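The values are calculated or read from the model by the stated rules, or taken from the named source; none is laboratory data. Quick caveat, the model's predicted, so the values are computed rather than measured. Here the Cβ positions follow ideal geometry from the backbone for every residue, glycine too, while neighbour counts run over all protein chains shown. Calculation scope for accessible area: heavy atoms of the full protein, side chains included, ligands and nucleic acids excluded. Shrake-Rupley method; radii C 1.70, N 1.55, O 1.52, S 1.80 Å.
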Amino acid sequence: MTLELPDNEDVRYIYEQIDTHTDWFHDSLSMIASENLVSPLARQLQVSDLTDRYAEGLPGKRYYNGNIYVDKVETRVEEIAKRLFKSPEADVRPISGTTANISAFFAFLKPGDLYFAPHLNDGAHISSAKFGAGGLRGGNEMTYVWDKENMNIDIDASRKLLLEHKPKLCLFGRSVFLFPAPLKELQDTLQEIDCHVWYDGAHVLGLIAGGKFQDPLREGAHVITGSTHKTLPGPQGGVIIGNPKDEDQWKAIRRRVFPGTHSSHHLMTMAAKGIAFAEHIEFGAEYADQIIRNAQALAQALHEMGFDVLGEKLGFTRSHAMVLDVTKQGGGAPCALDLETSNIITNKNLIPDDTGTAMRPSGLRLGAQELTRVGMKESNMSEVAELFKRILIDKEDPLKVRDDVVELKKDFQNIHYCFNPEEEAYKKWRIV
Ligand SMILES: *Cc1c(COP(=O)(O)O)cnc(C)c1O
């Protein structure tokens, strides 16, 4: 349905910008590792009457009336989440991965308590850092020792630190998440120090749910927090999955989600998460498998074309993500800008031992999950790599390369791995 636009400058301006943006993404290769395309069925729910409602608390124990059907939906969405993750517990209310993380920090730490997390240079998300949610709670952070060659936690060196400092909480999970976290390897140590074991699966949630990355709940994690819109291709939101060590641990999480850090939990999004989870039960294994195949094919092709792709020792990646050290090509910021001019959307990123800053880092982070979502396969990845080479190594005019990007993208406009796979990904939702 298209509404007639009124004669109002402000309204027109906003609508027109979004229309232009949508056209741009229709013509672009979207390779931000934290994004995806929500399915048509899940997107449709975002404009239901639930958009206008509140439901504070838990199903059956609400502060407001009017939640008879919302309660049924939320109960079912929780149940679908538990089925998808084979978990005893799920909280589907967090409105983002970050609010899920804030809830977890407040549940697991008291001010002054020590926690372990990966370093930002090694791929941690800002919410885990001292100046993010961890510091907001007043937690004291120590970081794991990093093994740059394996692009993972150095197990032996970190085990020594853990036994020495005995943190209250160990947080695993990263925004540059190439290889599974060594939960299994550290399980005995984590049990010995009896800490909360928290896995931040924001990036890799869809791969985990598809059974293709690692199985944190069976490897010793008590909770997984995550975003519902990265490799799990749902609406923008968060979720907490639990296999708690005891009832109190899960109760603490529930209380920090509400009333601790949320009031309205965006019911339209909560409902749409249920659709995304249900679709992932049907299509997740196949989707996750193809994402990883594509990421590995792309990393290999980029490597062969002369890019410095990190993690070579173990085959570059076992997830959707890849990281390039683009120091030789001029650094992360200018590279990401040239790619953007060519309609390839990526982001600059810090890499281990980076000598730059967050705004001028040495790396480039790529994700294959959205290209996979629109139907690309391994054979398309060498075409994508070739475009990268022309822009960043051959230094061809990015505007000229853009024509070829638009041409390649023409054949990849539908959303796959969901019900209604014939739906167009971008045009369908145009509003002007
Ligand atoms: C993206 C991300 C988050 C935050 O998720 P949002 O949904 O963007 O708030 C948290 N942790 C990690 C590791 C992430 O990559």
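Which condition from (1) out of contact with any Leu (no Cβ under 9 Å at 6 or more places or on another chain); (2) open to solvent by 10 Å² or more (accessible area, probe 1.4 Å); (3) not assigned by TED's automatic domain parsing to the domain that holds Gly315 is the one that Gly238 breaks?
Every listed condition holds for Gly238 apart from (2).
Does Ser379 count as within 30 Å of Ala181 (Cβ to Cβ) and either polar (S, T, N, Q) or not in a helix (DSSP H, G or I) (or both)?
no
Within the stretch 161-173, can you find the residues that are modelled with pLDDT of 95 or more and either in a helix (DSSP H, G or I) or under 22 Å from Arg318 (Cβ atoms) (or both)?
Matches in the stretch 161-173: Leu161, Leu162, Leu163, Glu164, His165, Cys170, Leu171, Phe172.
Only one of these conditions is not met by Glu89: (1) at pLDDT below 95; (2) within 26 Å of Gly211 (Cα to Cα). Which number is it?
Of everything listed in (1) at pLDDT below 95; (2) within 26 Å of Gly211 (Cα to Cα), Glu89 misses just condition (1).
Looking at the structure I just gave you, is Gly220 closer than 15 Å to Glu78 by Cα, assigned by TED's automatic domain parsing to the domain that holds Thr98 and not polar (S, T, N, Q)?
Judged against the criteria, Gly220 is not a match.
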